[in-house]
Each structure stands twice: as C-alpha cells, then as structure tokens.
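As structure tokens, the structure follows; a few thoughts come after it.
The values are calculated or read from the model by the stated rules, or taken from the named source; none is laboratory data. Keep in mind that what you see is a predicted model, and the values were worked out from it rather than measured. So basically every Cβ, Gly included, is an ideal-geometry build from the backbone, and we count neighbours across all protein chains shown.
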Amino acid sequence: MQLIDKNGELLYNEGMSQETTRNFCIIAHIDHGKSTLADRLMEYTGQVAKRDMEAQLLDSMDIERERGITIKLTPVIMHYEKDGVVYTLNLIDTPGHVDFSYEVSRSLAACEGALLVVDASQGVEAQTLANCYLALENDLEIIPVINKIDLPSADIEGTKKEIEDAIGLDASAAPLVSAKEGLNIRDVLDAVVDLIPPPRGDETAPLKALVFDCQYDNYKGVIIFVRIVDGQVRVGTQIKMFRTAGKTFDVTEVGVFAPAMRPTECLSAGDVGYICASIKTVSDTKVGDTVTDAARPCEQPLHGYKEVKPMVFCGIFPADGSKYNDLKDALEKLKLNDASLTYEPDTSVALGFGFRCGFLGLLHMEIIQERLEREFDLDLVTTAPSVVYKVYTTQGEVLWIDNPTKLPPPTLIEHIEEPIVRAEVYSPPEYVGDVMGLCQDKRGTFIDMTYLDKHRVKITYEIPLNEIIYNFFDSLKSRTRGYASLDYELKGFTPGKLVRMDMLLNGEVCDALSIIVNEERAYSRGRQMAEKLKDAIPRQMFEIPIQAAIGNKIIARETVKALRKDVLAKCYGGDITRKKKLLEKQKEGKKRMRQVGSVSVPSEAFMSILKIDD
Amino acid sequence: MSENHSIYVHIPFCKARCGYCAFCSCTDMSLVPDYFGRLSQEMAVYSDRSKPIYTLYIGGGTPSSVPVRYIDGLLRDLDKYFDLSELKETTVECNPESTTRELLDCLTAHGVNRVSFGLQSVNDATLERIGRLHNYADFLAATELARNCGMDNINADLIIGLPESRADFRRSLDRIASLPVTHVSAYALELHEHTALCDRLAGQPPFDDDSMADMYDEALATLREHGFARYEISNFARRGYECLHNLNYWQEGRYFAFGASASGFVDDVRFVNTQDIGQYMSLPIGELRTSTPVSLHEQAEEFVMLGLRLESGVNLDEFARRYGKDLYAFFPHAEKLEKRGCLCSEAGHIRVPADKFYVINSILADLLDDEAD
C-alpha cells in the first residue's frame, strides 16, 4: 500500500526497496549549525512547509530551544527525488555536548552514514572529533559538510585542510553550505543519496529491531523508537523484548516520524519508526534492547549499547516532602529515554526522602533537574554534586562512595582514590596563560600543549574530576571570554588527600551539606560555604553559628545574628484579622523550611552553596 | 464567664492625610453630616441595652477634626442605644491642632476621661516631613488645655523609625518621658504601599530592623526610668493608667464597632465594615459587614496570640477555664519553646521573656504551628 499525506505527497510506500532508503545522522560541535541544517533539509524536502517552520524544529523541548542545544536525539523521515527515483531519508538528529555522547552512539547505531558539519569559521572542534571517532567505530560513511560559508570569517580551504589533517577524511568534494541562508542544501541531499549506503537487512528474516529511544505517552503507554534491521512489524504482530523475557505485547500502532508521529501499515527492514504495544510499565523496555517477533523470534539480539557509567552524583529531594512519589514517577519516566540517568532512594536528616542520582556530567545534571521541574512541575532541592571515590578501608575492602554521608570515619579509611580526567582545552593563544592558571588552581597536572594553528592551542591537563564538576567550566568561560572549549575523558583513579567536610548549623551537622573535598581546598571551600549559608539562612530567634568542620576541627565560622524585630505593632481599632493573616503567612513560610535541629533552613540555602565563585 | 463588652467608633475624617497613613480616612469634610447620620442609623440597628458597656473608644481618622456638635450627637446616641452606666473608660483620639476648649468641655460633659494625642515626634521638621499639621508647641498647648479641663489621663502616640536621626528620636523620648502624660504608645513605623511616605522613601524604611530594635530598647529603658511600665509590646503607662479598652482587645474581649472599616467581635463572630466611605453611606445597613464566625479553637489561639503581647502574659487558669483544656495540652509546642527560652512561665502565667518581646511573631508562628516537627 501507499500512504499519501494531505498535500498529496508520498509518505510511505510498502515494499519500498531498501535500495531507496538512507539512514543518517548529523554530527557537529555545538553552534556549528546542526539543528539549522536539519531544519533546512526538512524544508527542502517539503516535510515542513516554510510557513510552519519554527526555528530548530527537532529541538522540541523548551530547554533545547532556549539554550540552543540538542539534548535528545530526534528522528524524522523525508522524501527526496533524484534522477526520477524517490528516496526515503531517515535523519536522526543528535546532541553535540560532551555529556551526551551516549545519545550520539545510540543514533549512530541506527544509521549507515553521518553528515559531519563543520563551521567554516571555527574549524574542527574537540567534540566533533570525539563523535567522529564514534561514527568511524560504527563503520559509518562520513560526509563532511562545510557550513556557514556566508560568514566573512569563513575559511573554506583551511577548514577542508583541517578535516583532512585532523580526521583523515577527504573533504575535496564536501558540500559547501549556509544552513542559515539555505545555500546549496541540494548538494547535501545528493551526497546523502549518492554516498551513504542503503540498509542491507533481510525483509523476510525474523523481526530484529534496535530500540534506540523510548517515550512515555499517557494514552499509548511506552512508545519505542526503532530501527528495523531485519523482518517486518505491523499492527497485530506479537512482539517481545530480549532482556525482559517472558512478556509479550500486541502491537497497536506502528509509524514514522514526519516529524510528528504518523501511523503507517508496516515497518520493514531498513526503516526507522516507532511501535506502540500498550506497554504500560516503564521498566518493560530498555533503550538498546532488541525487539523481535514472539512467534518467530530471531536467534541473537543485536549487540545494543555499551552501558554508560554516571560520573557525577547529587541528591535530589522534593522541596515539598509529600511529593516524593511524584518525583519517583518523574525519574522513572525520564529514565525511559535517558538510560544514562541512574537513581536510588536516599534519605537525609535535613531533606527527608529523595534520590541519589547519577549523571554523565554537569550539563546532564542541570538538564535533568530542569526537566524534572518543568515537565513534571516539581520543586526540587538538590545537594552539591559529587564524583565517585574509591575508598580503601583498613579492613582491606574497596568501597565506591558517591555520597559524602556514606564515607566511613577517617579511622577506618586506609586511603581514598579520586577520579582523574584527561582534559583538553582548546583556546585562542592569548588566553593560554589564563587557562593554565585555572588548571593549575584546580590541581591539574600539565601534560601537553600543541599549537593546532595560528589561532588555536590545545592544552592538555590531568585534573581531578571533582575540580571539574566544581565550577571549572564557568571559570574557564569567564577567563577566556567564552572562547575556550573543554573536552574530557576519564583517565583513571589516583590517590588524593581527601576528607569529608561537614557544615554545622547551631552545632549540629547538616548531612545534606557535607562534601568530600581535597584537604588543601577544604579551608577556602568551608569559608565560602559558610558565607553563602550565612546569607541564605534568615535570622531566627537565636544566634546561629555556621561552622565548617573536618572531623572535630572547626575550619571556618560565620554567624547568623539573632532576629531582633518581627513584631507587627499597631492593632488598628481592634482589627486583629491582619495580624492573623500575617501569622498565617509566616506559618506558610515555615513549612517551606527544613528543620536542622533548632534551625529553620530554606531550600534556597541548600542551592546557594552550589553557586560559589572562585 | 461573661466577657466585657466595649464599643469602638471610627471617625474617618482628617484635615489632611499623613504621609505614612494607609488607614481608612477621608479629607472631604462635606461628607461629615451624612456620615454621622449613618453612624446613628447603624447604632440604632445594633442597639443593645442588655449588656453594660465596659469601655468606649472613639478613634479615627481624627475625631477632633469634625465640628463639636457631631461628637456631641454621637455621644448622645451611644448613651441612647447602649447601657453606659458602668463605663470604666472613654477615650477620644485628638490631634493637637484641632483640640479646642469647646471640644474638651463637650467631652468632659459626657464623661470622656481619656484623650489620646497623635504626637508622633517632638521635632517640627519631622512632623512637617510626614505631613502632620501640628508642631510640638501645639501638642504642649493641647495637653495643657486638656489638663485645665480636668482631663488628666492623656496618651501620646510616638512612632519609632520615622525619617529623622537617631538623635531626633532620642529627643522625642526624653521630652515625652518628662511630660505630664500618663500613657505612651510607641509604634514601629510600617511603610505601606501607596502612601506618600512610602513613595518618597522608595519603599525603603529609614532604619533596618536592628536599629529599630535598638530604638525600641531605648524607648523601653527611658520610659521605664520615668515611671512608665510596659504592659503591652507597644504600650507604656504610669501605674493604674493602662488603657482598659485596648486591654480588652488583648484579652479576647468582645466589642461592638461602628463606622467605615471598624471591626468588632460580638457573639463569637468577628466582623469588619466596608472600608469604602461611599459604600458605608449607601449600602443597606445589613450589608456593611463582612462576618467571620470564630470557633472556640480559634478563639483559644487568638487569646494566646493577643495575650502574649502583654507583659503579664496569659493566665493559665483563665485559659483552661475559657477553653476547657490545659494550655500546654492545647499547644504541643509550648513546652519546647519554653525549653528554648522563647516562653517562660511563673505565677500561673505564661509569657514571652523580656529579651524576646520584639520577635513575638516568630514565637507565635512556632507556637501555633499545627504540625509536629
């Protein structure tokens, strides 16, 4: 059958040959114009009428549009006619940020080719390289595309040379485009058709499909995004997943991304689309899993994705304790299409019940927090981010500790190792001194410095990860006026002089404020945290000492002076209702506070310590 | 027990609006006749001669700003519609510039035995700045006049934290403490939105809370030195001159109320009249009030909320008698607050210790918190 959309365009043609299908993604550094190019491709192929174009169409989340970044991969189907043949092009948009390389690897696994977009005025950046290597590892055909050729600062020849030198790709025939101006978009589409190989699945073989993403819909249940490798799936097919053996589901809908989900009759080998099968339990599906036909299963699952390990951890608590279950549901739903998010129940004396969550990096952490607050309308209190430490006890055990409150007492610790990353900072030469100063301040060890060209230097340091997650990126940006970029990868663990620093409020430890910190750093961190808390905790009936302590040793102290006046003086003509209202307001305010011993601490206080400048 | 019943009457008229005032007031004197006519109707509707009235308070606005005959008529009406045979205290608020011999004679003839002057500051420059029509000399003259008319129970209102120097405030304190007044009310300035003073100060109070607390402590010490004892957070009196009317408010007593914006508490119902003078004069009498029934539980909370403002605190036996439950059982947080030094009990009373008097709101918020922590 054929499916024609309302504009009379061919949307789906059953039995379409895989020969006319191309599955590809776009990889690029942030700001190099990936989402804009995707918009242009859709516009050109008539997938979206120009009048309906909303900038960065595939970045459907508010956060993505606001920050101008892509977080989630988003698939879309397009049709393009070349030499009288109508081709089906499946584009899977991918995120560019270092934290989201796992998302990239997921999209890569569903494609046969990738467009490598490089900004003609910026050249090849660290992240581009990293993703490029990922693509090469996946045996993808890579087509370099040089973007922003309209800019006066564009250096087309230099960029081509850089692509050839840094990545080893032939860039001589690379399409030269301006996604913003819609220039030479056809060249890109031609290259996709000509250079990217068609899928080579077996349509008659048992169904074998890769789950590359999931989404939860209140009506349809879990919607799984699939790349069909072999076989076919249609409404009524009974499917099962490899990892959740035993359960079968009846397919209720299959379809493609146009870019909104549009039902079709069938998906077959080579196709990218979605499946609904009344899957109500979030945990029944897993990104990276293989879907097959329950009646005629394939023998081996696809190899799926490498499990990603979270690097950054923090506690997330509902500001209103009664919202614990809402938070739990929200995390479960986010986890569905973000396999890299981990969480387990956590309790804090100060913050009550919540979760210890693991993230790939700081941006990932921020994004998750923001999505929880926006998409699930939750008010959160988060604790300071931590990395995972390797703790050797005197008993000869090795403990992995990502929560300062779980750190054993010093007497039981033989030594602690902390994660070290190899950080590569790309910067214009004039900021080299600032960058090196910062890396030095952050306990970095100099490894290498290379002049990539006249305008760019690559500075390599080994730096403890807990310094990176603590304000490194912001400091880097401010010291280099935003010019430097950072890429890092975990290198290993190395012994460090690490201690737990506690914050005491009126003499009582507030567990949610404890951090693990380098001993030499503790003094200044303690002082900064005490200052922040002093400003964030409102004056109360008693003087409140705020102390930073390592064990029993106080290393910093501030004082919140006692409140001296809160009285409402006049009682106009016996009107006490105003007093009562004021008191009610005060009581409401109190409910938003956390009790730490006798001290009321507002949620903002916990957050304030996350924003400490160096 | 049968509570005391007081009466409050609100006279919203003023010759000029003070810079800090957010209260129900009106400078259109052409409304005076109709307003007093309305007051008379309202009192007639709620007339109740079954209970002897304990105290009477005519406040404003500025009651002294209207022609004396209206005050005379009002006092006659009150006598007609209520049983004033056992009145212990009658107060009329006056401004120094409008206090005349004629008015004082009228008041004494009706048995008014207390007059309350809005002095606010002894510094003429400050008075001008906040839009008062009198100067310090006017106040001295008015006080002298009142005493000559046999009115020896005199209150002076003082505002803490006006836009003036600490030395200016100190001067007000020293002067007022040595004057022949019996009572001083010292209120902290509250900046209300949409007032001239608030606009002029761009919403910024002249003093921070610490300075306000310092000035309050200064007032307490100076007044005490001159024989004025604090009996309520903002009220200081020579022995025997405590304001009975206000005490009745603090002790959860009952009171009738008449006039625009006046609020009363009768038969377990708190009510407040419309603030809008136009509405007050045009709506049917039965539609002037917004009423809120107050449950016994809420009354117990109010009794403590108001009673803790008193130096003497809350009488524990009286609480148990009124509300049928021990105070500590009623307020589970009371004991914890005592342990922390936010409340103390002695001689059958529970009260706020002297050093915590000015942070009573925080204490009340903790005490009345219905959640355990």
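A few remarks follow.
- Test set (1) touching a helix residue (DSSP H, G or I) at 6+ places or on another chain (Cβ under 9 Å); (2) touching a residue at least 40 places away in the same chain (Cβ under 8 Å); (3) among the charged types (D, E, K, R) - B:ARG238 fails condition number: (1)
- Considering residues of the range B:249-267 that are in a loop (DSSP other than H, G, I, E, B) and more than 10 Å from every other protein chain (Cβ to nearest Cβ) only, the residue farthest from B:GLN41 (Cα to Cα): B:GLN251
- Residue check for B:ASP168: under 30 Å from A:ARG539 (Cα atoms), acidic (Asp, Glu) and more than 11 Å from chain A (Cβ to nearest Cβ): yes
- Tally, over the range A:339-361, of residues that are in contact (Cβ under 8 Å) with a residue 60 or more places away in the chain and buried (at least 21 other Cβ atoms within 10 Å of the Cβ): 7
- Residues in the range A:312-343 that are assigned to a strand (DSSP E or B) and not β-branched (Val, Ile, Thr) were compared, and the one that is farthest from A:SER603 (Cα to Cα) is A:TYR343.
- Any hit, the range B:79-91, residues being of a type in the set (Asp, Glu), within 30 Å of B:LEU191 (Cα to Cα) and crowded, with 16+ Cβ neighbours inside 10 Å: no
- Selected residue (only one of A:ARG564, A:ARG557, A:ARG594, A:ARG539 is in a strand (DSSP E or B), modelled with pLDDT of 80 or more and within 14 Å of another protein chain (Cβ to nearest Cβ)): A:ARG594
- Output for the range B:220-231, where each listed residue is in contact with a Ser or Thr (Cβ under 9 Å, 6 or more places away or on another chain) and crowded, with 20+ Cβ neighbours inside 10 Å: B:PHE228, B:TYR231
- Among residues of the range B:300-320 being more than 11 Å from chain A (Cβ to nearest Cβ), assigned to a helix (DSSP H, G or I) and not hydrophobic (A, V, I, L, M, F, W, C), the one that is nearest to B:LEU337 (Cα to Cα) is B:GLY307.
- Residue match in the range A:350-361 (condition: part of a loop (DSSP other than H, G, I, E, B) and under 19 Å from the mean Cα position of the chain (by Cα)): yes
- B:ARG270 meets each of the listed conditions (1) charged (D, E, K, R); (2) in a helix (DSSP H, G or I); (3) within 13 Å of chain A (Cβ to nearest Cβ) apart from (2).
- Number of positions in the range A:542-552 that are within 12 Å of another protein chain (Cβ to nearest Cβ) and under 10 Å from A:ASP502 (Cα atoms): 0
- Any helices (runs of 4 or more DSSP H) falling wholly within the range B:327-373 and containing at least 2 residues that are at the interface with chain A (Cβ under 9 Å from one of its Cβ atoms) and either surrounded by 20 or more Cβ atoms within 10 Å (Cβ to Cβ) or acidic (Asp, Glu) (or both): B:360-367
- Going through (1) more than 26 Å from the chain's Cα centre (by Cα); (2) assigned to a loop (DSSP other than H, G, I, E, B); (3) under 19 Å from A:ASP289 (Cβ atoms) one by one, A:GLY236 falls short only on (3).
- So A:ARG578, is it in contact with a Phe, Trp or Tyr (Cβ under 9 Å, 6 or more places away or on another chain), within 14 Å of chain B (Cβ to nearest Cβ), at pLDDT below 90 and in a helix (DSSP H, G or I): yes
- Answer residue from the range B:222-234, given it is part of a loop (DSSP other than H, G, I, E, B) and within 13 Å of chain A (Cβ to nearest Cβ) and is farthest from B:GLU190 (Cα to Cα) among those: B:ILE233
- For B:GLY286, the criteria (1) under 24 Å from B:ARG49 (Cβ atoms); (2) within 14 Å of another protein chain (Cβ to nearest Cβ) hold in every case but one, which is (2).
To keep it simple, each residue is scored yes or no on (1) buried (at least 21 other Cβ atoms within 10 Å of the Cβ); (2) under 30 Å from A:SER121 (Cα atoms).
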site: A:LEU476; (1), (2): yes, yes
site: A:ALA484; (1), (2): yes, yes
site: A:LYS491; (1), (2): no, no
site: A:PRO495; (1), (2): no, no
site: A:SER514; (1), (2): yes, no
site: A:GLU520; (1), (2): no, no
site: A:GLY526; (1), (2): yes, no
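- Every residue from the range B:48-71 that is within 13 Å of chain A (Cβ to nearest Cβ) and in contact with a helix residue (DSSP H, G or I) (Cβ under 6 Å, 6 or more places away or on another chain): B:THR55, B:TYR57, B:GLY59
- Of the helices (runs of 4 or more DSSP H) entirely within the range A:126-217, those holding at least 2 residues that are more than 20 Å from A:ILE92 (Cβ to Cβ) and more than 30 Å from the chain's Cα centre (by Cα) occupy A:156-162, A:185-195.
- Test result for A:VAL601, free of Cβ contacts under 8 Å to residues at least 40 places away in the same chain, β-branched (Val, Ile, Thr) and either buried (at least 17 other Cβ atoms within 10 Å of the Cβ) or not in a helix (DSSP H, G or I) (or both): no
- Selection status of B:ARG200, in contact (Cβ under 8 Å) with a residue 60 or more places away in the chain and more than 14 Å from chain A (Cβ to nearest Cβ): yes
- Only listed residue being more than 26 Å from B:GLY59 (Cβ to Cβ) and surrounded by fewer than 16 Cβ atoms within 10 Å (Cβ to Cβ), chosen from B:ALA196, B:ALA167: B:ALA167
Every residue, every condition in (1) over 28 Å from the mean Cα position of the chain (by Cα); (2) assigned to a strand (DSSP E or B), yes or no:
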residue	(1), (2)
A:VAL381	no, yes
A:LEU399	no, yes
A:THR411	yes, no
A:GLU417	no, yes
A:TYR426	no, yes
A:MET436	no, no
A:ARG443	no, no
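- Whether a residue is crowded, with 18+ Cβ neighbours inside 10 Å, under 38 Å from the mean Cα position of the chain (by Cα) and not charged (D, E, K, R) was assessed, and A:LEU533 passes this test.
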